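Shown next, in structure tokens, is the structure this report addresses.
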Amino acid sequence: MCGIVGYTGERLAAPLILEGLRRLEYRGYDSAGIATFEQKGIKVVRSVGKLDNLFKSLENTTLSGTTGIGHTRWATHGKPSEQNAHPHKAGSIVVVHNGIIENYSTLKSKLINAGHTFMSETDTEVIAHLLYYHYKQTNNTMSALLKTVKELKGSFALAVLNEAEPSRIFLARLESPLVIGLGKGENFFASDMPALLSYTKNIVFLQDGDIALLTPDSCQFFDFSGIAITREAKLVDISLSQAEKGGFPHFMLKEIFEQPEAFINTIRSHIVPDKGDIFFEELPENFIKNFKKIHIIACGTSYHAGLIGRTFFEEISNIPALVEIASEFRYKKNFFSKDTLYIFISQSGSTADTLAALKLCKSHKVTTLSICNVLGSSISQESDYTLYTHAGIEIGVASTKAFLTQIAILLILALKWGKEISVLKQGISKTFVSDLLKLPRLMESVLKQSEKIKEVAKKFYKYNNFLYLGRGINYPLAMEGALKLKEISYIHAEAYAAGEMKHGPIALIDENMPVFVINPTGTLQEKTISNVQEVLARGGKVITLVSDGDKLHHKFTEHLIEVPHINSYFDSLLTTIPLQLFAYYCAVLKGTDVDQPRNLAKSVTVE
Ligand code: M6R
């Protein structure tokens, strides 16, 4: 949801900021803008649409400033237009913002009464005016910022320039990501690390309630009361190649192909292959024994990972698990309990609903554990314990490798849990660990089928509707397959528990409603085959995703995709891949924008 980036130093700021915006475009792409300190004050250039339009607008403009800020937008308040694009200016103040200001309309009325005139429909312009209002009274930007952040309700990562103070960038963070990159005689900031990695790997992760003041030679930190605080820089071990396509036509395809490596990177630090042991240094000794239940909360694809995790916890570790969508959980009646472990899953670690649900849990003093991919994100900072998925930077808006690594963490946590409470015998766990290590090679073998999956996609991408079916652990996989298809190819897709089809959706079946059935070897396989027969009997077209060497489906389904089989838990890490590839190829064949699908953004930092 919006990306912000900025630079102060001796180099020309504009090219660095535009390069940073290019790397943040996955966060929002309906308008963009830049502001730099020029000789006659701050110059703002904005344009509607993708970043390329901003580049075009800048073709006949010279920006020679060495300090500046930029923004790429995902619209919340006000349609995508040049007027609503950031940066916003009020008097001498210029602001870019990622987040949402919930009390903007009250503040706006107050400022209009005080004589301010607004040019846009955005909540962000209110911040610029509020800052200018306070600045006029104090003649001090920092005091104005301190007063402003206290009045704002909502979430924000803010960068502020004041015409009166060249070479200075004021930053503030509350529930929206913001990182600072330290250089020599120059400093940077951005919503996310990919925008900084070409220039520095010396990163400070700002925390909620932090303010920072950047100049070319210094970086000072304060809390919202203006008291100086310390924030240490970390040298991040992430290469820029992670944020590049590396020869692939899309980030999504690259990220699908990175899954074997992402998987091994995620589990590597938690397993001892010789002993068949699993451990989590991040968790205290006997941590697991404190809990009798698990409650998983997440959104979108991460929610689907949670549903798969529930099967692991219930079937492998014999512990009851509940899974809920964060936006529902945060507003319903909940029964908080100290013997429940609340698990929050989020790739970005900044999804607004998941963060709010986490805060709600914390206010009830229950134990929270987050599974996040982005280092230093709000959700990881806020939760009692964090397990990181080491998927690497995920840029494609459609989550792929993050999903697979979330499943991986949930699986090894369930295995550990089962072993610790003695549900799993040592021998079984050893087999599990050695099977885990076989998975990357098996994933590679699934990836080798991408051309075959593309051929299947060629036969189906023109359909307008799709049904995905699965039972047990394959039902959330069906949900994830359907989500992938709809978000990037815009084909309407619905997932159903296969046994539920006869209770309504079967009425939809005809030759125009293809059905994607996920049915690898497992205890419920024959039941699902009956459902496939019901579809075929009504003229439906079926694609089936089955285990290698399957003898049951060949007879009656034309389109078959096979994946290796270990057991139904481990298979979920393999069946995921064809679902991603099928959605990817349908989207490519339809000619949609795979990495930046319409109306979406990578991290949903607004409610
Ligand atoms: O960053 P998170 O994992 O919290 O994001 C949750 C969802 O917004 C995300 O999974 C979304 O559904 C993706 N676009 C799915 O591909």
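The values are calculated or read from the model by the stated rules, or taken from the named source; none is laboratory data. Quick caveat, the model's predicted, so the values are computed rather than measured. Cβ sites come from the backbone with ideal geometry, for glycine too, and all protein chains shown count toward neighbours. Remember, those area values only see protein heavy atoms, side chains included, never the ligands or the DNA or RNA. Shrake-Rupley method; radii C 1.70, N 1.55, O 1.52, S 1.80 Å.
When Glu285 is tested against (1) in contact with a strand residue (DSSP E or B) (Cβ under 9 Å, 6 or more places away or on another chain); (2) surrounded by fewer than 19 Cβ atoms within 10 Å (Cβ to Cβ), only condition (1) is not met. The single condition among (1) free of Cβ contacts under 8 Å to residues at least 40 places away in the same chain; (2) outside any strand (DSSP E or B); (3) surrounded by 19 or more Cβ atoms within 10 Å (Cβ to Cβ) that Tyr26 does not meet is (1). Pairing residues of region 183-210 that are modelled with pLDDT under 95 with residues that are crowded, with 22+ Cβ neighbours inside 10 Å and of a type in the set (Ser, Thr, Tyr), at Cβ distances under 7 Å and at least 6 apart in sequence or on separate chains, gives Asp208/Ser378. Would you be able to say whether some residue in region 110-131 is open to solvent by 50 Å² or more (accessible area, probe 1.4 Å), free of Cβ contacts under 8 Å to residues at least 60 places away in the same chain and closer than 26 Å to Ala352 by Cα? Within region 110-131, one or more residues are open to solvent by 50 Å² or more (accessible area, probe 1.4 Å), free of Cβ contacts under 8 Å to residues at least 60 places away in the same chain and closer than 26 Å to Ala352 by Cα.
Contact map, region 290-317: first residue in contact (Cβ under 8 Å) with a residue 60 or more places away in the chain, second residue among the basic types (Lys, Arg) and within 16 Å of the ligand (Cβ to nearest atom), Cβ cut-off under 9 Å, separation 6 or more or different chains; pairs are Ile297/Arg330; Thr301/Lys484.
Within region 385-400, residues that are closer than 21 Å to Lys245 by Cα and of a type in the set (Gly, Ala, Ser) reach partners that are in a loop (DSSP other than H, G, I, E, B) and open to solvent by less than 10 Å² (accessible area, probe 1.4 Å) with beta carbons closer than 9 Å, at six or more positions or on different chains, in the pairs Ala391/Thr400; Gly396/Val594; Ala398/Val594; Ala398/Pro597. At least 1 residues being open to solvent by less than 50 Å² (accessible area, probe 1.4 Å) and either free of Cβ contacts under 8 Å to residues at least 24 places away in the same chain or farther than 27 Å from Ser399 by Cα (or both) is the threshold, and among the strands (runs of 3 or more DSSP E) wholly inside region 511-607 those reaching it are 559-563.
Taken together, the residues in region 472-504 that are out of contact with any Cys (no Cβ under 7 Å at 6 or more places or on another chain) and either assigned to a helix (DSSP H, G or I) or in contact (Cβ under 8 Å) with a residue 60 or more places away in the chain (or both) amount to 23. So, in region 288-310, of the ones that are away from the ligand (no atom under 16 Å from the Cβ) and open to solvent by 10 Å² or more (accessible area, probe 1.4 Å), which residue ends up modelled with the lowest pLDDT? Taking the candidates together, the pick is Lys289.
Kindly establish whether Lys275 is away from the ligand (no atom under 16 Å from the Cβ), more than 23 Å from Thr351 (Cβ to Cβ), in a loop (DSSP other than H, G, I, E, B) and not hydroxyl-bearing (Ser, Thr, Tyr). It is true that Lys275 is away from the ligand (no atom under 16 Å from the Cβ), more than 23 Å from Thr351 (Cβ to Cβ), in a loop (DSSP other than H, G, I, E, B) and not hydroxyl-bearing (Ser, Thr, Tyr). Here Arg168, Arg173 are screened, and the one residue that is open to solvent by 50 Å² or more (accessible area, probe 1.4 Å) and under 19 Å from Gly20 (Cβ atoms) is Arg168.
For the residues Leu253, Leu213, the requirement of being modelled with pLDDT of 95 or more, in a helix (DSSP H, G or I) and either crowded, with 18+ Cβ neighbours inside 10 Å or touching a strand residue (DSSP E or B) at 6+ places or on another chain (Cβ under 8 Å) (or both) singles out Leu253. The residue that is nearest to the chain's Cα centre (by Cα), counting only those in region 58-77 that are buried (at least 17 other Cβ atoms within 10 Å of the Cβ) and outside any strand (DSSP E or B), is Trp74. Sub-7 Å Cβ pairs linking a first residue in region 34-46 that is in contact (Cβ under 8 Å) with a residue 12 or more places away in the chain to a second residue that is of a type in the set (Asp, Glu), at least 6 apart or interchain, are Gly41/Glu163; Ile42/Glu163; Arg46/Glu82, ordered by first then second residue.
On inspection, Ile267 fails the criterion of being within 16 Å of Leu415 (Cα to Cα), within 16 Å of the ligand (Cβ to nearest atom), among the hydrophobic types (A, V, I, L, M, F, W, C) and not in a loop (DSSP other than H, G, I, E, B).
Of the residues in region 423-435, not one is within 16 Å of the ligand (Cβ to nearest atom) and either closer than 20 Å to Leu574 by Cβ or acidic (Asp, Glu) (or both). Residue count for region 395-415 satisfying the condition of being within 9 Å of the ligand (Cβ to nearest atom) and either of a type in the set (A, V, I, L, M) or in contact with an Asp or Glu (Cβ under 7 Å, 6 or more places away or on another chain) (or both): 6.
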